[in-house]
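These notes concern the structure reproduced below.
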Amino acid sequence: MLEIGTEAPDFTLPDQNGDLKTLSDYRGSKVVLYFYPRDNTSGCTKQAIGFAELHPQFKEQGAVVIGVSKDSVASHKKFEEKYGLPFTLLSDTELEVLQAYEVWQEKKLYGKVSMDVVRSTYLIDEHGIIAKAFGKVKAADNPSQMLQELEGGA
């Protein structure tokens, strides 16, 4: 995980509509930047729906929610439409941002070792500084956890 108090690495990635989004464009807003393994899997769907349900409260806190995975733009679009997701999903097929945020890591599943996304969430303040960093988050709990961090003055 990147260190709290350091500048969040800037990046530009395509969203679910194919439009390029740059992190620094969100300066002045808090950013909940969450990294997840795959669209349309059980945990990732629970996490996305949780963020969608709490989206009005995130907006009240002056925060934008951005999800990032290595899925394609087309996959993100289907995921967004299937669940009515009201926030940005970014496609990092080249793994550049996943690596920059140190969430592309070795994982073990059933004794098999592979590289994949470790579900992680960063809270970035209005100045582009990492205010909070959470690794290995629980998909279902992460949205409410992040809202509590915002409400607590993060």
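Please go through the residue pairs Lys59/Lys107; Lys82/Lys107; Lys30/Lys112; Lys59/Lys108; Lys107/Lys132 and name each one whose alpha carbons sit more than 32 Å apart in this structure.
Lys59/Lys107; Lys30/Lys112; Lys59/Lys108
Mean shadow of the chain, computed from the convex hull of its alpha carbons, in nm²?
Numbers: hull surface 33.3 nm².
Projected over every direction and averaged, the Cα hull of the chain covers 8.3 nm².
Relative to a virtual label point 7 Å from the Cα of Lys82 in the Cα→beta-carbon direction, which members of segment 101-118 show backbone nitrogen distances below 11 Å?
Nothing falls inside the zone, counting backbone N under 11 Å.
When the Kirkwood hydrodynamic radius is evaluated over all pairs of different C-alpha atoms of segment 98-154, what value in angstrom, to one decimal, is obtained? Don't skip to the answer; put the middle values down first.
Numbers: mean 1/r = 0.0783 Å⁻¹.
Hydrodynamic radius (Kirkwood, Cα pairs) of segment 98-154 is 12.8 Å.
With loop defined by DSSP as not H, G, I, E or B, and exposure as at most 11 other Cβ atoms within 10 Å, which is the longest segment of the chain clear of exposed GluC sites (Glu not before Pro)?
Values: sites that count: Glu3, Glu94.
It runs 4-93.
Can you pull out the trypsin sites (Lys or Arg not before Pro) in segment 46-154 that DSSP calls coil and that have at most 11 other Cβ atoms within 10 Å? Intermediate values should be presented prior to the final figure.
Numbers: sites: Lys46, Lys59, Lys70, Lys77, Lys78, Lys82, Lys107, Lys108, Lys112, Arg119, Lys132, Lys136, Lys138; in loops: Lys70, Arg119, Lys136, Lys138.
For trypsin sites (Lys or Arg not before Pro) across segment 46-154 that sit outside H, G, I, E and B with at most 11 neighbouring Cβ atoms in 10 Å, the list reads Lys136.
Readers should treat all values here as calculations from the given coordinates under stated rules, not as data from a laboratory. Computed from a predicted structure; not experimentally measured. We place every Cβ from the backbone using ideal geometry, glycine too, and count neighbours over all the protein chains shown.
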